[in-house]
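What follows is a single structure, written as structure tokens, with notes after it.
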Amino acid sequence: MPVDLTELNAEELSARHEEYLKAYADLLNEGLSLDLTRGKPAPEQLDLSTGLLGALGEDDYRSADGTDCRNYGGPRGLAEIRELFAGFLQVPAEQLVAAGNSSLALMHDSLSYAVLDGVAGGPGPWRGTTDAPVAFLCPVPGYDRHFSLCDRFGIEMIPVPLNDDGPDMAVVEELVAADPRIKGMWCVPKYSNPTGATYSPEVVRRLATMETAAPDFRLFWDNAYAVHHLTDETVEIADVLALCAEAGNPDRPFVFGSTSKITLAGAGVAFFGSSPANVEWLLKRMSYRTIGPDKVNQLRHVRFLRDAEGLAAHMRRHRSIVAPKFEAVREVLEETLGGSGVAEWTRPKGGYFISLDVLDDCAARVVRLAKDAGIALTPAGATHPGGRDPRDRNIRLAPTFPTIEEVRGAVRGVATCVLLAATERLLE
Ligand code: PLP
């Protein structure tokens with residue numbers, strides 16, 4: 001276990017620095033080729049869903065109400081897949097749409113419809129001007145693809161701090177009350193990407209009830225990790241749709257989710273859930289885009305997952321593959337960086353990521369050192385709007401895809417880079 005580097009005098013630090021330089025030279029000599037960037041399921045996780053491929057026999061193409069799933073139509077998606085996911089996504093089945101294979105695509109489409117037409121009951125299109133662009137609140141650290149969507153649609157991003165229990169609500173409330181340009185906010189309410197933070201009931205209540213200067217404000221509620229538990233604790237979040245309705249803001253949340261990290265990441269089912277008015281708003285616009293979703297895929301998901309217990313059992317099998325990798329990251333970080341005073345990391349109870357904070361102004365250096373040693377890390381800054389982390393300290397670790405041995409090797413190497421970058425910085 002290293003000593004607290006921040007408490008050493010210059011001489012002691014120099015000695016440590018020499019030691020880490022040597023460790024880094026050894027790391028370079030190992031000629032590693034490892035990757036901690038990919039937040040995607042490992043092949044063994046995909047193998048859990050191989051049964052999906054044969055879940056429908058040749059004659060099995062009718063849904064419970066007799067719909068021939070092979071044909072066009074049924075824009076809301078099959079009733080039985082919506083019923084299966086209603087509880088997990090906390091959206092009544094009749095207010096849930098099952099469409100396409102990617103929730104990110106549904107976020108993209110919702111945003112583009114809002115920009116083009118405005119939202120249900122809203123005053124008009126979300127087209128800002130150069131002087132006064134539409135703005136979104138972005139809890140940071142956050143998911144880079146949310147930020148890319150804002151970039152794509154010319155939406156200004158206003159970072160707000162993400163605490164362990166969700167976004168800093170005092171900051172959020174003040175901003176949304178004062179600025180009518182703020183039309184939306186990204187939220188990953190459970191096991192967030194990348195910190196693993198889960199929003200407390202109080203935070204959800206405040207998001208549902210807060211006064212917003214924009215009458216057409218929307219929460220983009222990306223519940224991507226609703227069932228992705230890594231411990232015995234089945235973490236639950238408050239029901240945002242119900243709380244918003246109770247508060248007189250029924251149209252505030254757009255709920256998104258998918259089976260990308262439940263079944264097959266490239267061939268899952270995605271969901272949009274909201275108020276009846278918002279569902280009609282979406283369906284009307286989707287009708288120009290498609291003559292119906294892939295109901296065959298939805299039907300085979302129903303056959304394969306069966307019911308809520310079938311889904312929960314399936315997620316336990318994922319956990320048995322994923323949790324040991326998270327544990328390995330934790331063990332190695334603890335052993336190499338615990339007590340060093342130059343790194344902190346999250347201990348998520350679910351989801352796909354661990355967030356590592358290093359000394360200020362060191363993240364880009366760590367990522368560069370790791371790259372040169374053959375360890376790919378998500379670019380420093382990616383967890384912040386515009387790719388700019390003002391403190392240059394946050395690094396996202398994604399341990400699901402590599403093998404457990406690769407995870408150990410990669411994190412060990414990263415730790416060497418963290419220690420080297422820290423002594424460089426402290427000696428400046
Ligand atoms: N939302 C979050 C928070 C994610 O982390 C990811 C993938 O990493 C996605 C959405 C992508 O979801 P989908 O595969 O349904 O498009």
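Key figures
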quantity: Burial ordering of Ile395, Ile321, Ile262, fewest other beta-carbon atoms within 10 Å first; calculated: Ile321, Ile262, Ile395
quantity: Cβ crowding within 10 Å averaged over residues, with 17-23, 351-357 ranked highest first; calculated: 351-357, 17-23
quantity: Given charges at beta-carbon only (K, R positive; D, E negative), |dipole| of region 62-305 in Debye; calculated: 1060
quantity: Assigned charges on the beta-carbon of Lys, Arg, Asp, Glu; the chain dipole about Cα centre (debye); calculated: 1360
quantity: Proxy reagent accessibility, fewest Cβ within 10 Å first, across Ser148, Ser49; calculated: Ser148, Ser49
quantity: Choice from Ala226, Ala213, Ala93 with maximal GNM fluctuation in the chain (Cα, 10 Å cutoff); calculated: Ala213
quantity: Tilt relative to the chain, helix 276-289 - C-alpha long axis, 0 to 90 degrees, to 10; calculated: 90
quantity: Theoretical gain in end-to-end length, Lys284 to Arg127 [0.36 nm per residue, Cα-Cα removed]; calculated: 54.5 nm
quantity: Calculated Rg and Dmax of region 62-305 using C-alpha coordinates, Å; calculated: 17.4, 54
quantity: Sites Arg391 and Ala308, calculated FRET efficiency, Cβ-Cβ separation with R0 41 Å, nearest 0.05; calculated: 0.45
quantity: Per-residue Cβ neighbour rank within 10 angstrom, fewest leading, Asp294, Asp131, Asp47; calculated: Asp131, Asp47, Asp294
quantity: Pairwise label distance in nanometres, Asp372 with Glu94, each label 7 Å out on the Cα-Cβ vector; calculated: 6.4
quantity: Gyration tensor over alpha-carbon atoms, the chain, equivalent ellipsoid semi-axes in Å; calculated: 40, 27, 17
quantity: Listed peptides 94-102, 170-178 by packing density, highest first (mean Cβ within 10 Å); calculated: 94-102, 170-178
quantity: Cα-based Lys proximity count in region 62-305, under 22 Å, for pairs eight or more positions apart or on separate chains; calculated: 4
quantity: Protection proxy ranking of 75-81, 27-33 - average other beta-carbon atoms within 10 Å, highest first; calculated: 75-81, 27-33
quantity: Test item: Cα-centred dipole of region 70-193, Lys/Arg +1 and Asp/Glu -1 on Cβ, debye; calculated: 540
quantity: Helix-only CD estimate at 222 nm, as mean residue ellipticity for the chain, using -39500 (n - 2.57) per DSSP H run (n ≥ 4); calculated: -13000 deg cm²/dmol
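Values in this text are rule-based calculations from the coordinates and carry no lab data. Source: prediction; values computed, not measured. Positions of Cβ are generated from backbone atoms using ideal geometry, with glycine treated the same way; all protein chains shown enter the neighbour counts.
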